[in-house]
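The next block holds one structure in the form of structure tokens; read it before the comments.
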Amino acid sequence: MPAPAALPGPLVLVSGDETLLVDRAVLRVLAAVRRADPEVERREAPAAGLSPAGFDDLVAPSLFAEPRVVIVRDAQDCLKETAAAVQQYVGDPVDGVTLVVHHSGGARNKPLADALRKAKATILTCMKVTRPAERLDFVRAEIRAAGGTTTPDAVAALVDAVGSDLRELASAAGQLVADTGGLVDAGAVRRYHRGRAEVSGFTVADAVVAGDLPAALEAWRWAGAVGVAPVLVADALAGGVRTVAKVSGARPGSGMSLAAELGMPPWKIDRARPAARQWTTAGLVHGLMLVAELNAAVKGSAADADYAIEKALRDLVEARSRD
């Protein structure tokens with residue numbers, strides 16, 4: 001979505017639901033108007049709950065006709081009466097006022113968006129970025145905009161590590177350019193984002209039942225950093241220990257032959273077997289007690305759920321060889 005090259009005109013339609021691009025479109029319009037007049041006033045309101053009188057007040061000419069940018073967000077949510085007031089306004093806009101209307105692009109209040117198009121409004125499209133190739137292009141452009149260079153494998157690695165959220169991708173791209181001095185290669189992405197894409201409560205649990213405390217602690221810290229709730233990690237740990245206990249006590253046989261008996265898919269049984277061989281019976285009993293205590297801790301009994309998780313990780317790894 002290019003920035004307006006000059007003054008965008010009295011009417012601007014920002015169409016789409018990609019919030020980062022919508023915010024940038026609004027800021028670019030504002031910047032374009034302020035290049036002509038740095039003193040321009042900004043007024044903004046969400047469309048939801050905005051009355052016709054409230055809209056009229058936003059766009060009403062001031063006593064001295066000062067220039068103004070009026071931004072109405074999420075016009076698809078506005079009242080029918082307000083939509084009618086906006087449609088009436090676009091037929092005869094006020095001099096010195098730049099009206100920026102954001103509409104998600106859906107069917108709700110579509111006649112309002114259509115009226116802006118018919119009135120020859122400047123249109124800035126900000127639709128969701130859903131195709132993988134478009135996401136790669138976005139990251140590439142962000143790195144260039146930040147003054148950096150990159151490689152195709154680095155761009156792919158960054159998307160894999162960070163995910164699909166454009167705000168996070170933009171932030172990560174800018175940070176990598178700043179931290180690397182400009183060249184964002186696959187090695188830099190791995191150093192800064194190692195493990196982030198795959199991290200979850202199950203990642204933490206897999207490391208614990210395998211006895212890899214450093215990997216478990218690193219995965220837990222990544223999980224916390226990306227917003228995985230302690231209760232989800234606790235549930236995954238409990239499930240991991242219970243799985244190992246079931247497999248450890250099962251009769252010999254393939255995962256396929258034991259699936260119905262243990263109530264779990266064959267792949268899960270086969271995957272748990274190496275870890276099960278490393279746990280003692282006493283260790284499993286103690287481990288089940290530890291995850292029960294952790295469950296209570298993260299649901300309110302602990303003053304610090306993060307500390308409770310970290311302590312449980314250390315205790316569970318230690319419990320594996322308990323006599």
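The values are calculated or read from the model by the stated rules, or taken from the named source; none is laboratory data. Just so it is clear, the model here is predicted, and its values are computed rather than measured. Positions of Cβ are generated from backbone atoms using ideal geometry, with glycine treated the same way; all protein chains shown enter the neighbour counts.
Computed quantities for the displayed model
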item: Only listed residue being under 22 Å from ASP23 (Cβ atoms) and under 32 Å from the mean Cα position of the chain (by Cα), chosen from ALA45, ALA107; result: ALA45
item: Yes/no for SER257 being assigned to a loop (DSSP other than H, G, I, E, B) and on the phi < 0 side of the Ramachandran plot; result: no
item: In segment 55-86, residue modelled with the lowest pLDDT [restricted to those that are in contact with a Ser or Thr (Cβ under 8 Å, 6 or more places away or on another chain) and surrounded by fewer than 18 Cβ atoms within 10 Å (Cβ to Cβ)]; result: PRO67
item: Residues satisfying the stated conditions in segment 295-323, i.e. over 14 Å from VAL208 (Cα atoms) and aliphatic (A, V, I, L, M); result: ALA296, ALA297, VAL298, ALA302, ALA303, ALA305, ALA308
item: Residues satisfying the stated conditions in segment 159-178, i.e. within 16 Å of ALA145 (Cα to Cα) and aliphatic (A, V, I, L, M); result: LEU166, LEU169, ALA170, ALA172, ALA173, LEU176, VAL177, ALA178
item: Boolean, ALA260 is more than 21 Å from THR203 (Cβ to Cβ) and in the same structural domain as TRP220 (by TED's automatic domain parsing); result: yes
item: Within segment 207-245, considering residues that are buried (at least 19 other Cβ atoms within 10 Å of the Cβ) and more than 16 Å from ALA319 (Cβ to Cβ), the one modelled with the lowest pLDDT; result: VAL228
item: Residue match in segment 285-295 (condition: under 30 Å from the mean Cα position of the chain (by Cα), buried (at least 17 other Cβ atoms within 10 Å of the Cβ) and under 30 Å from ALA161 (Cβ atoms)); result: yes
